[in-house]
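Down below is the structure, laid out as structure tokens.
The values are calculated or read from the model by the stated rules, or taken from the named source; none is laboratory data. Everything numeric in this text was worked out from a predicted model, so none of it was measured. A quick note on method: Cβ atoms are made from the backbone with ideal geometry, for glycine too, and the neighbour counts reach across all protein chains shown. Areas reflect the complete protein model, heavy atoms only, side chains present, ligands, DNA and RNA absent. Shrake-Rupley method; radii C 1.70, N 1.55, O 1.52, S 1.80 Å.
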Amino acid sequence: MELYLYLFASLFSVMNPLATLPIFVSLTSEDTPKIRKITAVKTAINTFIILLTAYFVGQFIIDFFGISINSLRMAGGLIITTSGFALLTGKFAEHKGLKNEGRTSPRTRNDISFTPLAMPILAGPGSMSLLISFNQEYYQPTQIAIAVAAILSICLVILIMFRSSQYIIVALGNSGINAISRIIGFIVIAIGIEYISHAIVNILNGVQ
């Protein structure tokens, strides 16, 4: 139980789904409740798959392609920053190619459940590097099962939070959502820049 709580708390603090909830609300504010629920489920599933992949084969993948954690941070930062600009200018639908049919087609609209929601906002370089280190530290069968249970629990929490987002939308209204979208867009840009700057600092320190 102690290991489970430790892994769960570590992942929760790095992924910070509470901070992602307003982003989810902003991105799905014009969707129907049905589409919003589908997006929530897809986001949780995509996040679970990404985290499991990072835990079991993350180190192998980055070694095989010669990718560093800092490179992952920079790539994730670029994706987050681009999405932030789209939110800030109110053009996220055009940015994702969802201007027309995306509001009514779950198949089209759900691509935000992978990018940017599942990756890199929730399952980003921070959580991936954390899981890679967990895999190297906790490799006994029981420990692996506990780690998978912690990952599953995080994704269930994300699902519950996102499925409940309709209450936030009702409380804020359209004008409130538009205002929040602009604010969240600015914050998302700052998060992306933080990813990139942190990676650059690490690279420069490594060179020195």
* Out of Ala19, Gly84, Ile61, whose Cα points farthest toward the positive end of the dipole of the stretch 7-84 (charges: +1 Lys, Arg; -1 Asp, Glu; placed on Cβ)? -> Ala19
* Among (1) 32; (2) 19; (3) 25, which is the computed percent of Cα pairs over 32 Å apart? -> (2)
* Structure fact -> Rounded to whole angstrom, the alpha-carbon centroid of the stretch 1-73 lies from that of the stretch 144-208 at a distance of 9 Å
* Over the chain, average the accessible area per residue using a 1.4 Å probe and give it in Å², no decimals. => 51 Å²
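Can you sort Phe162, Phe60 by solvent-accessible area, 1.4 Å probe, largest first? Walk me through the numbers on the way to the answer.
Working: Phe162 0, Phe60 140 Å².
Result of the area sort, largest leading: Phe60, Phe162.
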* For the stretch 1-98, which whole-number percentage of the solvent-accessible area (1.4 Å probe, protein heavy atoms only) is attributable to carbon and sulfur atoms? -> 69 percent
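How large is the charge dipole for the chain, taken about the Cα centre, if only the Cβ atoms of Lys, Arg (+1) and Asp, Glu (-1) carry charge, to the nearest 20 debye?
On the way: 13 positive and 9 negative charges, 151 e Å.
Here the size comes out at about 720 debye.
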* To do: Would you be so kind as to identify which of Ser29, Ser165, Tyr4 lies farthest towards the positive end of the dipole of the chain, taking Lys and Arg as +1 and Asp and Glu as -1 on Cβ and the Cα centre as origin?
  => Ser29
* **Span-rule helices in the chain, defined as complete DSSP H runs reaching 24 Å or more along the axis (Cα) with Kyte mean at least -1.0** => 33-64, 69-88, 141-163, 165-207
